[in-house]
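> The structure that follows is given in the form of structure tokens.
Laboratory data are not the source of any read-out in this text; all were calculated from the coordinates shown. Just so we're clear, the structure is a prediction, and the values are computed from it rather than from any experiment. Reconstructed Cβ throughout: ideal geometry from the backbone, glycine too, with neighbour counts over all protein chains shown.
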Amino acid sequence: MRLPVVQKKKRSRKDQTLDAVASVAKAWGEWQLAKTATKAAKKAPWKLIAAATAGAAAVGIGAKKLLGGGGSDTPTPPPPPAYTGPVPDPNAPGAAKDDVVGASPSGPVAPTDVKPDPEAPATPDK
């Protein structure tokens with residue numbers, strides 16, 4: 001299916017001329033504004049402006065340190081709870097009443113009398 005072609009509305013010569021003049025006037029105005037801004041930027045005492053900005057930044061940093069600022073306004077969330085191991089099922093058959101839920105089991109203990117494997121490759125001590 002072909003879409004119908006929408007024709008542009010014919011504009012009068014007067015409107016076309018006015019649009020062209022407005023476009024030229026806008027471009028000329030922007031050019032003049034840019035020239036004026038360039039002249040002002042060339043005349044500005046940049047060293048003085050840079051020194052004032054650096055001084056204001058130093059005063060701000062010093063005040064922040066002296067007044068104890070620097071922290072964020074939002075509170076930090078508490079750390080997640082430490083892992084306490086698997087929780088025994090209190091409904092399991094044979095569960096004792098004195099089982100403490102969430103108690104940490106003792107950690108694994110490394111064996112103390114381990115003999116090195118004679119076939120294993122030697123690794124340098126770091």
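> Want the number for Tyr83 to Ala50: 0.36 nm per residue separation, take away the alpha-carbon distance, what's left?
Full extension from Tyr83 to Ala50 adds 6.5 nm.
> Give me the mean projected area, in nm² to one decimal, of the convex hull enclosing the Cα positions of the stretch 20-80.
That works out to 9.8 nm².
> Same structure again: Report the trypsin sites (Lys or Arg not before Pro) located in the stretch 1-86 that are in a DSSP loop and have at most 15 other Cβ atoms inside 10 Å of their Cβ, or state none.
Arg2, Lys8, Lys9, Lys10, Arg11
> Once phi is turned into θ = phi - 60°, what whole-Hz ³J(HN,Hα) does the Karplus curve with 6.51, -1.76 and 1.60 give for every residue of the stretch 40-47, x standing for Gly and Pro?
Per residue, the Karplus-derived 3J(HN,Hα) values read 5, 5, 6, 7, 5, x, 5, 5 Hz.
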